[in-house]
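*Asks:* Before I ask anything, here is the structure I am working with.
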Amino acid sequence: WAKAAGRGQWAVYDPERSARDIARSALVAGLPAALDRGEFVLHYQPIVSLLEGSMLAVEALVRWEHPELGLIGPDRFIGLAEETGLIVRLGEWVLRQACHDAERWWREFPDARLVVSVNLAARQADDPTIVETVADALHTSGLPADLLQLELTESAVMGSADEPLRSLYRLAALGVRLAVDDFGTGYSNLAYLRRLPIHCLKLAGPFVEGIRADSAADHRDERIVDALVRLAHALELWVTAEAVETGEQAERLRALRCDTGQGRFFGAPAPAGAITARLRGDAVT
Ligand code: C2E
Ligand code: MG
Ligand code: MG
Ligand code: MG
């Protein structure tokens with residue numbers, strides 16, 4: 001027995017659970033200092049045209065280079081950073097670093113017009129200073145606004161009051177592109193799609209995972225993808241399929257008129273240098 005569930009409450013001691021809680025609070029406690037010490041790094045994952053095979057964009061994905069634990073993925077700390085509010089500072093660092101890297105790619109490979117796609121947490125999108133922050137990141141880096149895309153989840157798009165975020169209009173007015181991330185996993189209030197200045201839908205991984213040529217499969221996910229691509233195109237939106245892992249999925253997605261794909265099949269997230277090398281390779285061919 002241990003005093004675990006707060007004052008005056010007794011709970012069954014669960015060693016696994018408390019080890020997890022200790023690890024969790026140690027990570028939370030370490031986040032602000034890690035940001036000050038520069039322990040976060042961005043990896044970039046290609047977003048590729050399904051028709052042409054060319055790399056049109058890259059998504060910036062943050063990682064923590066922990067001095068003892070090694071490289072830690074965002075699934076282990078983004079949620080914590082959201083809970084503590086640190087996401088606003090961390091997200092601003094991600095945005096500025098991504099704009100800086102993208103501006104270098106733009107200068108070195110102007111013809112590629114590579115777009116950098118940055119995830120915005122709900123809490124960041126909700127922050128009243130977000131528009132000034134994005135405008136300043138563009139200005140400071142010198143990146144043209146149309147080479148920046150911001151990814152928001154469906155719930156972030158809807159804001160905290162179940163009303164679409166007003167700042168989305170002001171962000172769009174800056175000239176940046178807006179994408180709905182993990183589309184199809186939230187509570188899809190489709191009405192927002194025709195009212196909001198959105199440019200792209202990113203189809204959530206699980207739909208793509210269900211795409212197999214396997215004749216025993218019922219092709220339900222494929223029919224959902226088909227319907228979502230038609231919906232997106234009817235609204236003049238681009239569609240990116242997430243988590244494309246096989247050539248067969250890429251082929252089916254292309255047949256379904258999906259515009260772009262992202263996933264291990266086209267390249268895993270990698271440091272900025274790998275993207276530079278790929279742009280150099282694309283430029284010579
Ligand atoms: P997301 O924005 O949906 O990013 C796509 C995730 O899919 C990435 O996970 C990526 O590594 C992973 N992925 C790539 N290829 C494949 C594949 O072939 N199959 C499958 N199943 N997955 C693939 P990652 O890097 O672990 O990031 C996880 C989530 O953390 C992201 O999901 C995003 O929601 C969040 N995140 C990452 N960086 C940031 C950031 O800078 N700010 C915020 N707010 N969230 C971030
Ligand atoms: Mg991960
Ligand atoms: Mg994303
Ligand atoms: Mg996603």
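The values are calculated or read from the model by the stated rules, or taken from the named source; none is laboratory data. Remember, it's a predicted structure, so these values are computed and weren't measured experimentally. Cβ coordinates were reconstructed from backbone atoms using ideal geometry, including for glycine residues, and neighbour counts include every protein chain displayed. SASA here: full protein model, heavy atoms, side chains in, ligands and nucleic acids out. Shrake-Rupley method; radii C 1.70, N 1.55, O 1.52, S 1.80 Å.
*Asks:* Condition first: open to solvent by 30 Å² or more (accessible area, probe 1.4 Å) and among the hydrophobic types (A, V, I, L, M, F, W, C). Now tell me which residues in the range 12-41 satisfy that.
*Replies:* Selection gives 12, 19, 22, 23, 26, 28, 29, 33, 41.
*Asks:* If you check residue 174 against the conditions, is it of a type outside the set (Ser, Thr, Tyr), open to solvent by 10 Å² or more (accessible area, probe 1.4 Å), in contact with a helix residue (DSSP H, G or I) (Cβ under 6 Å, 6 or more places away or on another chain) and touching a residue at least 40 places away in the same chain (Cβ under 8 Å)?
*Replies:* For residue 174, the condition - of a type outside the set (Ser, Thr, Tyr), open to solvent by 10 Å² or more (accessible area, probe 1.4 Å), in contact with a helix residue (DSSP H, G or I) (Cβ under 6 Å, 6 or more places away or on another chain) and touching a residue at least 40 places away in the same chain (Cβ under 8 Å) - is met.
*Asks:* Still on this structure: Confirm whether residue 104 is modelled with pLDDT of 95 or more and over 22 Å from residue 238 (Cα atoms).
*Replies:* yes
*Asks:* A follow-up question, please. What residue, of 61, 95, 69, 114, is in contact (Cβ under 8 Å) with a residue 40 or more places away in the chain and within 16 Å of ligand 2 (Cβ to nearest atom)?
*Replies:* 61
*Asks:* When the range 238-256 is examined, which residues are found to be within 16 Å of ligand 3 (Cβ to nearest atom) and under 22 Å from residue 190 (Cα atoms)?
*Replies:* 238, 239, 240, 241, 242
*Asks:* Go through the range 141-151 residue by residue and tally those that are among the charged types (D, E, K, R) and either within 16 Å of ligand 4 (Cβ to nearest atom) or at pLDDT below 95 (or both).
*Replies:* 1
*Asks:* Still on this structure, I have one more. Conditions: (1) out of contact with any Leu (no Cβ under 9 Å at 6 or more places or on another chain); (2) open to solvent by 60 Å² or more (accessible area, probe 1.4 Å). Residue 270 meets all but one. Number of the miss?
*Replies:* Only one criterion is unmet by residue 270, namely (2).
*Asks:* Run down 165, 138 and say which single residue is at pLDDT below 95, surrounded by 16 or more Cβ atoms within 10 Å (Cβ to Cβ) and farther than 15 Å from residue 57 by Cα.
*Replies:* Step by step, each of 165, 138 is checked, and only 165 is at pLDDT below 95, surrounded by 16 or more Cβ atoms within 10 Å (Cβ to Cβ) and farther than 15 Å from residue 57 by Cα.
*Asks:* Taking the criterion of being of a type outside the set (A, V, I, L, M, F, W, C) and in a helix (DSSP H, G or I), would at least one residue in the range 171-186 satisfy it?
*Replies:* no
*Asks:* Hey, another quick one. Suppose we filter 156, 232 for residues that are within 15 Å of the chain's Cα centre (by Cα) and within 16 Å of ligand 4 (Cβ to nearest atom); which single one remains?
*Replies:* Exactly one residue qualifies, and that residue is 156.
*Asks:* Let me ask another. Residue check: is residue 224 within 17 Å of residue 202 (Cβ to Cβ), assigned to a helix (DSSP H, G or I) and either open to solvent by 30 Å² or more (accessible area, probe 1.4 Å) or in contact (Cβ under 8 Å) with a residue 40 or more places away in the chain (or both)?
*Replies:* Here the answer is yes, as residue 224 does meet what is asked.
*Asks:* Same structure again: Among residues belonging to the range 84-134 that are over 24 Å from residue 260 (Cβ atoms) and among the aliphatic types (A, V, I, L, M), point out the one that is farthest from ligand 4 (Cβ to nearest atom).
*Replies:* Per the criteria, the residue is 131.
*Asks:* A further question on this structure: Out of curiosity, is residue 191 more than 16 Å from ligand 4 (Cβ to nearest atom), free of Cβ contacts under 8 Å to residues at least 40 places away in the same chain and under 25 Å from residue 224 (Cα atoms)?
*Replies:* Criteria met by residue 191.
*Asks:* Would you mind listing the strands (runs of 3 or more DSSP E) fully within the range 42-119 where at least 3 residues are surrounded by 15 or more Cβ atoms within 10 Å (Cβ to Cβ) and of a type in the set (A, V, I, L, M)?
*Replies:* 55-66, 115-119
*Asks:* Would you tally the residues in the range 185-207 being buried (at least 18 other Cβ atoms within 10 Å of the Cβ), under 18 Å from the mean Cα position of the chain (by Cα) and more than 13 Å from ligand 3 (Cβ to nearest atom)?
*Replies:* Of the residues in the range 185-207, 2 are buried (at least 18 other Cβ atoms within 10 Å of the Cβ), under 18 Å from the mean Cα position of the chain (by Cα) and more than 13 Å from ligand 3 (Cβ to nearest atom).
*Asks:* Next up: Within the range 250-264, does at least one residue satisfy the condition of being open to solvent by less than 50 Å² (accessible area, probe 1.4 Å) and of a type in the set (D, E, K, R)?
*Replies:* yes
*Asks:* May I ask you to verify whether residue 171 is within 19 Å of residue 150 (Cβ to Cβ), out of contact with any His (no Cβ under 6 Å at 6 or more places or on another chain) and within 16 Å of ligand 1 (Cβ to nearest atom)?
*Replies:* Here the answer is yes, as residue 171 does meet what is asked.
*Asks:* In addition: Can you name every residue in the range 142-155 that is outside any loop (DSSP other than H, G, I, E, B) and either charged (D, E, K, R) or under 22 Å from residue 47 (Cα atoms) (or both)?
*Replies:* Matches in the range 142-155: 145, 146, 147, 148, 149, 150, 151, 152, 153, 154.
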